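Peer 1: Dumping the structure here so I can ask a few things about it.
The values are calculated or read from the model by the stated rules, or taken from the named source; none is laboratory data. These numbers come from a predicted model, not from an experiment. Here the Cβ is made from the backbone with ideal geometry for all residues, glycine too, and neighbour counts use every protein chain on show.
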């Protein structure tokens, strides 16, 4: 497995740290550079890592959707009881 994707990932982590610690305008540039480096490292990552991240995103999205639906039904139930 090629580990070339670790180079932009480490760069993204370093510039992200700089973004958090700095409050100047350079922090915004570092933040943009960190985001671009992170996306570039995801593009260069092997398919196994990309597939794992995709599955993780699907699982988290499904759980968040279920939580939001349960909250929505609870508030609708409360509104229905209050109108009676």
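Peer 1: In the set 50, 66, which member is surrounded by 10 or more Cβ atoms within 10 Å (Cβ to Cβ), more than 20 Å from residue 8 (Cα to Cα) and not assigned by TED's automatic domain parsing to the domain that holds residue 9?
Peer 2: 66
Peer 1: Please determine whether any residue of segment 51-62 is in contact with a helix residue (DSSP H, G or I) (Cβ under 8 Å, 6 or more places away or on another chain), in a helix (DSSP H, G or I) and modelled with pLDDT of 90 or more.
Peer 2: Scanning segment 51-62 turns up at least one residue that is in contact with a helix residue (DSSP H, G or I) (Cβ under 8 Å, 6 or more places away or on another chain), in a helix (DSSP H, G or I) and modelled with pLDDT of 90 or more.
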